[in-house]
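Peer 1: Sharing a structure with you now.
The values are calculated or read from the model by the stated rules, or taken from the named source; none is laboratory data. Since the structure is predicted, the reported quantities are computational estimates derived from the model, not experimental observations. Here the Cβ is made from the backbone with ideal geometry for all residues, glycine too, and neighbour counts use every protein chain on show.
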């Protein structure tokens, strides 16, 4: 990812360039075209250069769909939300002239108390010297020839160093059933990791509240209710 008009970093000079400018955010046709192009690149793990010509906060602006929910079809999508995901999903940030892999940096910050550091032979390194790559593509990262472990970004965001492996269902199913099975597994993986992140944040919020104002385990009303039940 580079800023508007900036050159591509070394190694990406010949990669297709996809512009994300104000016209994309304001144009219903343009945003679909860009999202589909980015999705194909992300899904196929093909290198592209994303030229970000808008404020990143603009990609996070909430979207709203008017009308009854039952009128929405399975094809309904919040395109700006999808665009935000694809811009950051699997891209180095080179806007300041330095290549920053935010998935690795955030994982190192998240697990700093366990001795995980950014950099080394791969994206992060454990306290015992074990290197890890953090993958931002689809949840079936390719195997690394030298055997270096790979953790998917969804596991990394949940603070878990789990070695990812290509999804290879071996069930005797038709090709379309295998595709559906893989899609369901990916969806379940996102839900589980999302719930883990929620639990972690809830623990932090609860601890903060207890530190600010201790709450008794039982209130007087609860004691009275327990007496009535007994």
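Peer 1: Among the residues of region 100-117, is any in contact with a strand residue (DSSP E or B) (Cβ under 7 Å, 6 or more places away or on another chain) and within 28 Å of residue 29 (Cα to Cα)?
Peer 2: The answer is no, given that none of the residues of region 100-117 is in contact with a strand residue (DSSP E or B) (Cβ under 7 Å, 6 or more places away or on another chain) and within 28 Å of residue 29 (Cα to Cα).
Peer 1: Continuing with this model, one more query. Does residue 150 satisfy the condition of being more than 22 Å from residue 8 (Cα to Cα) and in contact (Cβ under 8 Å) with a residue 40 or more places away in the chain?
Peer 2: No, not satisfied.
Peer 1: In region 49-73, what residues are without any contact (Cβ under 8 Å) to a residue 12 or more places away in the chain and either not assigned by TED's automatic domain parsing to the domain that holds residue 25 or not in a helix (DSSP H, G or I) (or both)?
Peer 2: 55, 62, 64, 66, 67, 68, 72, 73 - these are the residues of region 49-73 that are without any contact (Cβ under 8 Å) to a residue 12 or more places away in the chain and either not assigned by TED's automatic domain parsing to the domain that holds residue 25 or not in a helix (DSSP H, G or I) (or both).
Peer 1: Continuing with this model, one more query. Looking only at region 1-15, which residues are assigned to a loop (DSSP other than H, G, I, E, B) and surrounded by 12 or more Cβ atoms within 10 Å (Cβ to Cβ)?
Peer 2: 1, 4, 6, 8, 9, 12, 15
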